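Okay, structure first, notes after.
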Amino acid sequence: MTKFTDLNLNPKVLKAIEEAGYESPTPIQAGAIPPALEGRDVLGIAQTGTGKTASFTLPMITMLARGRARARMPRSLVLCPTRELAAQVAENFDTYTKHLKLTKALLIGGVSFKEQDQLIDKGVDVLIATPGRLLDHFERGKLLLTGVQIMVVDEADRMLDMGFIPDIERIFSLTPFTRQTLFFSATMAPEIERITNTFLSAPERIEVARQASASETIEQQVVLFKASRKDREASEKRTALRALIDGEGDKLTNAIVFCNRKTDVDIVAKSLKKYGYDAAPIHGDLDQSQRTKTLDGFRDGQLRILVASDVAARGLDVPSVSHVYNFDVPGHPEDYVHRIGRTGRAGREGKAITICSSRDEKALAAVETLLQKEITRLENPVKKAEPAKRNSAKKAAETPAKSETNARGKSSRGKASADTAAPEAVAAETTQADAAAVADQPDAGKSETAQSDKRKSDSRQAEGNKSEGRSRSSNRASNKKTEEAPAQSSSSQSTSSQSSTSNSKSNRGRGGKQGGRRDDRTVVGMGDHMPSFIALSFDERRAG
């Protein structure tokens, strides 16, 4: 087995490596360090967590051990996509240069230009920077790149995703053509391939693992999540996340939860805190001091759960991360590999669990295509019986209310039926009373009494036509008066009774108005509202 002592490194560098507790290099380190020490360009492709950072820091320190930097002209340049990764590379240099007198400067956002200018003015051997801040210093005239001997591009595929490729090309054009270039990436997109063909000269290609492959020591699982309602998806998803965390028990020593959006990072972290979990957010919108403090607390074990955006997915070396949770399936399949690469590092075992909603199924299929294997499905830990119990309890609570409502409805309908039947019963009783009265009438004086009675009846009916909307009680009162009239003849009393009953039904049917059918008394051309005194005069003429 190859050891670091077999790689022709500087003795002081080997001493620092030994003190750090390392003996044998990883495959990417064993493949990249020898050609880098020979001064050749290197193109390293390896999955995340395999030690790519030491693959370029160790040979750089060995080669820079001889010589001295000049003011504003760094001897080497390391480009990183994020502040966190740049800070991690700086820590690696501090670890391996403890026995050498090499200087470095870290150019990242969130730190004042004045402090960085002071370091550059003194002259640095190693300049570690993000592309944006590096170009800011160059455009201000505070930095010259003509003295760069070794240039390193770390996490090149992440540079592509973040839109740094134009900046990278410009920085390449500002450095000497004779520089040595070390290019490292976990994936090799066509755009990355074009840059390597343009700016690297006959590079030594080291590919120790299939592109975008995950470590075999990582157990991968996915939960196919489906919300009960669309407006409850976010809250139910957070409930599922908490259930997944609780399900791991003591196996979970610390974990990183990745979200696609910065707003979700804050919401998920706040939700976990609310339910008693030790969690904190980290994303690009936070101040650099807060990001550094949160990350340091997670590395030191003071923070158990780190909720992060993809800013923390690339290159962060926290060796003891036991679990990674993907709250969302990443939009780019390569990001999935980098996310889960935060666990299972350096041969350790790890576990990655992804929550996949219905809208993320296509992204999940793309991840499985990239990995060339199917991720193990895991049942949703949130018990399905609980919603059923809640629904049963809800139905049980609603049943008495429905029964009471139905009872009130039936009672109302019964009352309405009784009210509807009442007028008909009154009409029937009135008709029977009239018939009984007719049967008891004497035969004497039929002619005169009939004429007089007919005039009185006609007068009362005319008055009923004058007043629209007369109620049924008025009709019953009229019928009662008719019943109490003097003795009448059989034929005239029958006619009066039938006319009264017909008018009563007509009035009920049209809300008290006179029916549309004319009776024998109607005078053509006078209308339904003819005054009673006019109707009386016509009746007298007819009688004469």
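Which residues, counting only those in the range 126-164, are over 43 Å from the mean Cα position of the chain (by Cα) and without any contact (Cβ under 8 Å) to a residue 12 or more places away in the chain? Give the steps one after another, and end with the answer.
Initially, the range 126-164 is screened for residues over 43 Å from the mean Cα position of the chain (by Cα), giving 126, 140-150.
Scanning the range 126-164 gives a single hit, G141.
Could you list all residues from the range 66-85 that are small (G, A, S) and at pLDDT 90 or above?
Restricting attention to the range 66-85, the residues satisfying the condition of being small (G, A, S) are 67, 69, 71, 76.
Selection gives S76 alone.
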Legend entry - Answer residue from the range 1-55, given it is closer than 30 Å to I192 by Cβ and hydroxyl-bearing (S, T, Y) and is modelled with the highest pLDDT among those: S55
Inset, instruction - Could you tell me whether the range 263-271 includes any residue that is surrounded by fewer than 16 Cβ atoms within 10 Å (Cβ to Cβ) and within 15 Å of the chain's Cα centre (by Cα)? - result: yes
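Considering only helices (runs of 4 or more DSSP H) fully contained in the range 77-155, which possess at least 1 residues that are within 25 Å of V337 (Cβ to Cβ) and out of contact with any Cys (no Cβ under 8 Å at 6 or more places or on another chain)? First the steps, then the outcome.
On the way: elements: 83-96, 113-122, 131-139.
Correct list: 83-96, 131-139.
I'm trying to understand the selection: among the residues of the range 92-122, which are closer than 26 Å to D161 by Cα and surrounded by fewer than 16 Cβ atoms within 10 Å (Cβ to Cβ)?
First, the residues of the range 92-122 that are closer than 26 Å to D161 by Cα: 92, 105-111.
G109, G110, V111, listed by residue number.
So for the range 86-101 (the condition being under 25 Å from L43 (Cα atoms) and of a type in the set (F, W, Y)), does at least one residue qualify? Give the steps one after another, and end with the answer.
Residues of the range 86-101 under 25 Å from L43 (Cα atoms): 86-97.
Then keep just the ones that are of a type in the set (F, W, Y); that gives 93, 96.
Yes, there is a match, as at least one residue in the range 86-101 is under 25 Å from L43 (Cα atoms) and of a type in the set (F, W, Y).
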Inset, instruction - Could you tell me whether the range 266-287 includes any residue that is touching a Cys at 6+ places or on another chain (Cβ under 7 Å) and on the phi < 0 side of the Ramachandran plot? - result: yes
Legend entry - Pair list, Cβ < 7 Å and 6+ apart or interchain, from the range 196-222 residues that are more than 26 Å from V367 (Cα to Cα) to residues that are basic (K, R) and at pLDDT 90 or above: E204/R40
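Take the residues in the range 222-243 that are in a helix (DSSP H, G or I) and among the aliphatic types (A, V, I, L, M); name whichever of them is farthest from R359 (Cα to Cα). So that I can check it myself, show each step before the final result.
Residues of the range 222-243 that are in a helix (DSSP H, G or I), as a first pass: 230-243.
Add one more test, that the residue is among the aliphatic types (A, V, I, L, M), and what stays is 234, 240-241, 243.
On the way: A234: 13, A240: 17, L241: 17, A243: 21 Å.
Residue satisfying both the conditions and the ranking: A243.
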Inset, instruction - Kindly establish whether Q88 is of a type outside the set (A, V, I, L, M, F, W, C) and touching a His at 6+ places or on another chain (Cβ under 8 Å). - result: no
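Going through G67, G31 one at a time, which residue ends up being in a loop (DSSP other than H, G, I, E, B), small (G, A, S) and either under 46 Å from the mean Cα position of the chain (by Cα) or assigned by TED's automatic domain parsing to the domain that holds D161 (or both)? Step through it out loud before you land on a result.
On the way: G31 fails: in a loop (DSSP other than H, G, I, E, B).
Step by step, each of G67, G31 is checked, and only G67 is in a loop (DSSP other than H, G, I, E, B), small (G, A, S) and either under 46 Å from the mean Cα position of the chain (by Cα) or assigned by TED's automatic domain parsing to the domain that holds D161 (or both).
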Inset, instruction - Filter the range 23-42 for residues that are surrounded by fewer than 22 Cβ atoms within 10 Å (Cβ to Cβ) and either among the hydroxyl-bearing types (S, T, Y) or touching a helix residue (DSSP H, G or I) at 6+ places or on another chain (Cβ under 6 Å) (or both) and give the result. - result: S24, T26, L37
Legend entry - Condition met for G163 (modelled with pLDDT of 90 or more and either touching an Asp or Glu at 6+ places or on another chain (Cβ under 7 Å) or not in a strand (DSSP E or B) (or both)): no
Inset, instruction - Kindly provide the set of residues from the range 224-238 that are surrounded by 16 or more Cβ atoms within 10 Å (Cβ to Cβ) and over 17 Å from E361 (Cα atoms), ordered by number. - result: E236, R238
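Going by the conditions given, is E233 within 14 Å of the chain's Cα centre (by Cα) and modelled with pLDDT under 95?
Details: within 14 Å of the chain's Cα centre (by Cα): yes; modelled with pLDDT under 95: yes.
So E233 passes the test.
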Inset, instruction - Return yes when D125 is crowded, with 17+ Cβ neighbours inside 10 Å, among the acidic types (D, E), within 20 Å of Q180 (Cα to Cα) and in the same structural domain as T178 (by TED's automatic domain parsing) and no when it is not. - result: yes
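Has the range 174-185 got any residue that is under 18 Å from M151 (Cα atoms), in contact with a Lys or Arg (Cβ under 9 Å, 6 or more places away or on another chain) and exposed (fewer than 15 other Cβ atoms within 10 Å of the Cβ)?
No, the conditions are met nowhere in the range 174-185.
The values are calculated or read from the model by the stated rules, or taken from the named source; none is laboratory data. What you see is a predicted model; the values in this text were computed from it and never measured. As a convention, Cβ positions derive from the backbone with ideal geometry for all residues, glycine included, and neighbour counts pool all protein chains shown.
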